[in-house]
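Below is one structure, written out as structure tokens; comments come after it.
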Amino acid sequence: MDKNTITGLVLIGILLVGFSFLSRPSQEQLEAQQRYYDSIAQVQQREADLKAKAEAALANERANALNDSTALFYAALKGTDEQVKLENNLMTLNIASKGGRVSFAQLKDYMEQDRQTPVRLFSGADASMNFLFYNTRETIQTQDYYFIPVNQTDSTVTMRLAANEESYIDFTYALHHDSYLVDFTIRAVGMDGKLASTNKHVDIEWAQRIRQLEQGYTFENRLAELTYKVTGEGTDYLSNSSDDEEEVAEPLDWIAFKDQFFSTVLLAENSFEGTKLTSKLEERGSGYIKDYTAEMSAQFDPTGQTATQLYFYIGPNHYKTLTALDKGRTEDWELEKLVYLGWPILRWVNKWFTINIFDWLQGWGLSMGMVLLLMTLIVKAVIYPTTWKTYMSSARMRVLKPKIDEINKKYPKQEDAMKKQQEIMALYSQYGVSPMGGCLPMLLQMPIIMALFMFVPSAIELRQESFLWADDLSTYDAFIHFPFHIPLIGSHLSLFCVLMTVTNLLNVKFMIQQQDTGANPQMAAMKWMSYLMPLMFLFILNEYPAGLNYYYFVSTLVSIITTIILRRTTDEAKLLAQLEANKKDPKQIRKTGFAARLEAMQKQAEEMQRQREQMQQKRK
């Protein structure tokens with residue numbers, strides 16, 4: 001760092017400190033600001049007190065309404081909360097007689113962390129669902145009433161909320177073989193005059209606390225998002241890093257209470273309206289990740305001529321499983337958007353390349369560690385042509401280093417930096433070498449490399465799959481546990497992350513040796529920054545899945561081996577001789593667009609320099 005840079009930084013620091021001192025508010029301003037905040041707090045407290053009083057009054061009114069023997073469903077206020085079991089080959093559901101709702105969900109093909117118990121998404125008080133129907137006398141909330149199961153089979157049941165034998169509301173649930181989709185219909189029978197005929201909707205209040213199902217709280221929390229799809233448009237989601245709420249004016253196709261690898265989704269055939277969503281973080285160690293709530297309304301026919309058609313998806317965030325749900329539909333649900341695959345270009349690469357190659361390799365019956373290894377080798381083979389072009393571009397510049405060193409000696413002064421750079425560019429132009437020749441091939445391979453970065457953390461196939469010392473490739477592989485929490489790194493150290501960091505440091509060393517052409521005098525000062533990035537990865541990726549760190553470890557190791565082989569198989573003397581031949585025969589030099597622009601800029605700079613010199617001579 002030279003003297004001018006240090007002076008500039010010191011001046012900037014003085015300006016920042018001076019600005020902070022001069023712009024600080026006066027004592028009078030601070031007192032006025034405090035009075036303003038106090039008045040806001042008083043108003044908010046008053047509103048909270050009034051709201052509490054209103055809720056208490058409404059609660060008393062509601063209790064009185066429920067005790068009214070003339071209420072529409074008074075007979076259904078008493079009963080026993082029984083659990084009706086439904087199942088297929090993939091999952092088990094319990095339907096509670098109180099409220100007629102799904103109260104328990106368990107998936108048979110996925111295990112809890114004990115690797116023995118089928119994973120339970122929710123049970124008991126973890127989830128609730130309340131439907132609100134209306135008439136002129138009362139608001140009917142299904143959570144207060146006991147339903148009667150009728151027409152029950154192993155996989156279907158109708159939960160009936162009966163006013164009498166001829167008047168009732170049916171909730172019908174139906175599971176299908178080999179599917180995580182649950183048909184759910186609501187139909188009123190004989191309710192003419194008993195429900196408000198002008199009210200063509202049913203309000204729904206849905207809530208679920210998302211259980212922590214994976215080892216790592218931090219990463220599971222990062223991928224747990226309350227997600228929804230706007231009808232005719234794309235998906236959106238609430239914040240995954242802080243408490244959030246949103247009122248959505250547009251109609252919605254579905255709302256998903258999403259965890260890292262599993263989701264509970266409510267879908268409407270005719271859209272949800274007037275939706276209000278909230279997402280709250282749960283405390284680390286509580287056994288939960290998020291607390292989701294959703295309030296919305298769905299189309300409802302009180303005459304019973306048309307049923308309200310809804311669906312539940314209660315299952316894994318598996319890309320092809322979710323995609324298959326759109327088969328036979330005129331309008332796609334696009335539930336596969338629950339599997340985060342990155343930005344549009346990365347999602348395209350993952351959709352058409354990564355997932356298909358992954359499934360093909362998985363079909364061989366290999367372990368997930370071997371699948372990731374072979375995927376890495378395939379990716380490296382695909383991008384090898386761009387890797388070779390990048391290397392050869394650097395090699396051509398490296399063999400010209402002695403000539404660059406001569407130019408550096410010719411212009412040792414700082415004020416001659418422009419002349420030195422012009423001469424270096426002229427040298428490259430003479431030999432047909434483009435300093436930017438390796439950039440485009442490097443950029444072309446980035447989408448494939450970054451696509452895997454997005455795919456691996458979302459791949460449920462890696463869940464609870466072991467490899468070498470890693471018990472679960474979908475979470476971190478801690479080989480050291482700390483008795484305390486270290487900022488930015490956590491309470492453990494991941495071995496694959498450490499190996500990935502070491503190989504990246506080695507790769508940086510080889511890259512610096514390869515790219516040190518002498519053309520950049522600040523190269524030495526930039527070296528420490530190049531070594532800093534891999535060390536930052538240690539802190540950034542320590543909480544990431546072992547499968548991702550393993551992929552980057554193998555990928556970087558293959559890059560190092562490739563660089564060593566290319567270095568040993570490239571005859572740099574022969575390469576220099578070829579460049580010398582190009583210099584003698586300019587026709588052999590194929591100028592790139594960049595080289596042409598560089599030459600034009602150089603000529604323009606020379607012309608400007610010549611004009612300045614002429615003006616100085618005239619003044620003399």
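The values are calculated or read from the model by the stated rules, or taken from the named source; none is laboratory data. Keep in mind that this is a model prediction, so the values were computed, not measured. Cβ atoms come from the backbone with ideal geometry, glycine included; neighbour counts cover every protein chain shown. Just the protein is used for accessible areas: all its heavy atoms, side chains included, with ligands, DNA and RNA removed. Shrake-Rupley method; radii C 1.70, N 1.55, O 1.52, S 1.80 Å.
Matching residues to (1) over 30 Å from Thr70 (Cα atoms); (2) out of contact with any Gly (no Cβ under 9 Å at 6 or more places or on another chain); (3) open to solvent by less than 20 Å² (accessible area, probe 1.4 Å):
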position	(1), (2), (3)
Thr156	yes, yes, no
Ala162	no, yes, no
Asp203	no, no, no
Gln215	yes, yes, no
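Applying the selection to the range 224-241, what residues are open to solvent by 30 Å² or more (accessible area, probe 1.4 Å) and either within 13 Å of Ala256 (Cα to Cα) or within 12 Å of the chain's Cα centre (by Cα) (or both)? Give the steps one after another, and end with the answer.
From the range 224-241, those open to solvent by 30 Å² or more (accessible area, probe 1.4 Å) are 225, 231-237, 239-241; that's our starting set.
Within the range 224-241, Glu225, Thr235, Asp236, Tyr237, Ser239, Asn240, Ser241 qualify.
The numbered conditions (1) modelled with pLDDT under 90; (2) open to solvent by 30 Å² or more (accessible area, probe 1.4 Å); (3) outside any loop (DSSP other than H, G, I, E, B) are all true for Ile512 except (2). In the set Leu462, Leu493, only one residue is open to solvent by less than 60 Å² (accessible area, probe 1.4 Å), under 30 Å from Gly365 (Cβ atoms), of a type outside the set (S, T, N, Q) and modelled with pLDDT of 70 or more; that residue is Leu462.
Given the structure, is Glu283 more than 18 Å from Asp203 (Cα to Cα) and either in a strand (DSSP E or B) or hydroxyl-bearing (Ser, Thr, Tyr) (or both)?
Spelling it out, it is not the case that Glu283 is more than 18 Å from Asp203 (Cα to Cα) and either in a strand (DSSP E or B) or hydroxyl-bearing (Ser, Thr, Tyr) (or both).
The one condition from (1) part of a strand (DSSP E or B); (2) small (Gly, Ala, Ser); (3) surrounded by fewer than 19 Cβ atoms within 10 Å (Cβ to Cβ) that Ala188 does not meet is (3). Set side by side, the residues Glu245, Glu269 differ, and just one is in a strand (DSSP E or B), open to solvent by 10 Å² or more (accessible area, probe 1.4 Å) and either within 14 Å of Tyr292 (Cα to Cα) or small (Gly, Ala, Ser) (or both), which is Glu245.
Looking for something assigned to a strand (DSSP E or B) and surrounded by fewer than 17 Cβ atoms within 10 Å (Cβ to Cβ) - is there at least one such residue anywhere in the range 69-86? Yes, the range 69-86 has at least one match. Residues in the range 309-326 that are in contact (Cβ under 8 Å) with a residue 40 or more places away in the chain and farther than 13 Å from Asp359 by Cβ: 10 in all.
Taking the range 286-302, which residues are assigned to a strand (DSSP E or B) and either farther than 19 Å from Phe184 by Cβ or among the polar types (S, T, N, Q) (or both)? Tyr288, Ile289, Lys290, Asp291, Thr293, Ser297, Gln299 - these are the residues of the range 286-302 that are assigned to a strand (DSSP E or B) and either farther than 19 Å from Phe184 by Cβ or among the polar types (S, T, N, Q) (or both). Residues in the range 378-394: is at least one touching a residue at least 12 places away in the same chain (Cβ under 8 Å), in contact with a Lys or Arg (Cβ under 8 Å, 6 or more places away or on another chain) and among the aliphatic types (A, V, I, L, M)? No, the conditions are met nowhere in the range 378-394.
Somewhere in the range 275-289, is a residue open to solvent by 10 Å² or more (accessible area, probe 1.4 Å) and among the aromatic types (Phe, Trp, Tyr)? Within the range 275-289, one or more residues are open to solvent by 10 Å² or more (accessible area, probe 1.4 Å) and among the aromatic types (Phe, Trp, Tyr).
Just one of the numbered conditions (1) at pLDDT below 75; (2) open to solvent by 40 Å² or more (accessible area, probe 1.4 Å) is not true of Val433: (2).
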